[in-house]
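Presented below is the structure to which this report refers.
The values are calculated or read from the model by the stated rules, or taken from the named source; none is laboratory data. All values reported here derive from a predicted model rather than from experimental measurement. All Cβ positions, glycine included, derive from the backbone under ideal geometry; neighbour counts span all protein chains shown.
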Amino acid sequence: MPFLALFAAVLLLGIADSMAHSYIVLFAADVAGLTPVQIGVWSSVFAVGGITIGWWLGRRFDRRPARTYAIAVILLGAAGYALLPRVSSFPVLLLMAGTVLGALGAAFPQMFALARAVLGEGAAGQRSAPLLRSAWSLAWAIGPLLGAAVLSRGGYSWLLWTAAGVFLLAGLTVFVVPPPRPVAAVAPSAGGASILLTVSVTLFFTAMFAGGLALPLFVTRELHQRAATIGVLFSVCAVVEVAATLGLAALPDRIGQRGLMLGGFGSMAVYHVLTVVSAGLPMLLAGQVFRGIGIAIVAAAGIRYFQDLLAPETGRATTLFANATTAGLLVSGLLAGLAVEHLGYRATLLLCAVAAGLGGVAFAAGSGGRRRVVARPGVMRNG
């Protein structure tokens, strides 16, 4: 069954990605000997490489849909992580981050584009995004724990080699997925709405990532909770996120995607406000429920919304969404650091609430109209 193969591939991809990325900063500092500034530059090159390669492959996918793109970037990433334990030169690490390792950033949007192309534009294709996103969320609940177990027994080399092996399995699993269906050509789409929607997603994930950086410091230093409390909070968020993502797939089609998305932006804003006014664990836990719901809606329903809006340009749509997410990650680190240092924890979390709210405003403005797909004679070639 195509969907089961896609689900397995996304699950394996997420497990490998979470194993590697949960500890990659520690590897860079403890093994490669990079300074904090070098680690920051290395992380930025990772992100830029993923955005650039993902955008290029997204355009190619729309012209000639194929499994080859996803398989190629996953296998390149597997090779990169297999070699990484033997590399300590900063210039070489930068080169790898911008090429073979950064290429993995294109794997996520390629998998979702492939799912839509294989399963079609009907109900199965439209529901594939939240279901596959639940596989990704589940993988991030498994991968860090698996990585910790491997790290404790074999060190960073075996951790990265294990991740490389799981990446290899993910790439091989994509071979089981049938070739994507041909797609009809479409008229050029208006760029104004896409720009606003992209800005809205970037603001949402800027708020999410920046808040995630400020939360541990706020909880331990301002509220004087134990460090273990952070693990409890993030675990609650992960459970809620998986459950909410699966719930999205069961929603009837009459539920408007636009209103659902606006609810996701609102949930993220509410989470930050609840955290700011928290005095103890109960309110913090309540905030994590809203955080998990917000992430599930925007991350899963957002992919579907972009795909519906730009259909059948699934490569462009999914890559646009994924790159907006990565842009939020790029912006959040610098902004969170400056805000915490100069304004404090509560003000930083309030700014995150404002960013999520502004994201909702941008989404409301950009989603006011829907683009009509215009089919023309002839189809794209299959690959």
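For the range 306-315, state whether one or more residues are surrounded by 20 or more Cβ atoms within 10 Å (Cβ to Cβ) and under 27 Å from PHE234 (Cα atoms). No, the range 306-315 has no match at all. Close Cβ contacts (under 7 Å, 6 or more residues apart or on different chains) running from residues in the range 226-239 that are among the β-branched types (Val, Ile, Thr) to residues that are assigned to a helix (DSSP H, G or I) comprise THR229/VAL219; THR229/LEU281; ILE230/PRO216; ILE230/VAL219; VAL236/LEU285; VAL236/GLN288. For the range 1-34, which positions are part of a helix (DSSP H, G or I), under 19 Å from VAL166 (Cβ atoms) and among the small types (Gly, Ala, Ser)? If the condition is that a residue be part of a helix (DSSP H, G or I), under 19 Å from VAL166 (Cβ atoms) and among the small types (Gly, Ala, Ser), then ALA5, ALA8, ALA9, GLY14, ALA16, SER18, ALA20 are the ones that fit.
Residue check: LEU132 meets all listed conditions (1) without any contact (Cβ under 8 Å) to a residue 40 or more places away in the chain; (2) within 20 Å of the chain's Cα centre (by Cα) but one, namely (1).
Could you check the range 2-39 and list, in sequence order, the residues that are surrounded by fewer than 16 Cβ atoms within 10 Å (Cβ to Cβ) and either more than 18 Å from SER134 (Cα to Cα) or among the hydroxyl-bearing types (Ser, Thr, Tyr) (or both)?
First, pick out the residues of the range 2-39 that are surrounded by fewer than 16 Cβ atoms within 10 Å (Cβ to Cβ): 4, 25-26, 29-30, 33, 35-37.
Matches in the range 2-39: VAL25, LEU26, ALA29, ASP30, GLY33, THR35, PRO36, VAL37.
Quick check on the range 61-74. Is at least one of its residues more than 21 Å from ALA47 (Cβ to Cβ), modelled with pLDDT under 85 and among the polar types (S, T, N, Q)? No, that holds for no residue. The set of residues in the range 75-106 that are among the hydroxyl-bearing types (Ser, Thr, Tyr) and at pLDDT below 90 contains only SER88.
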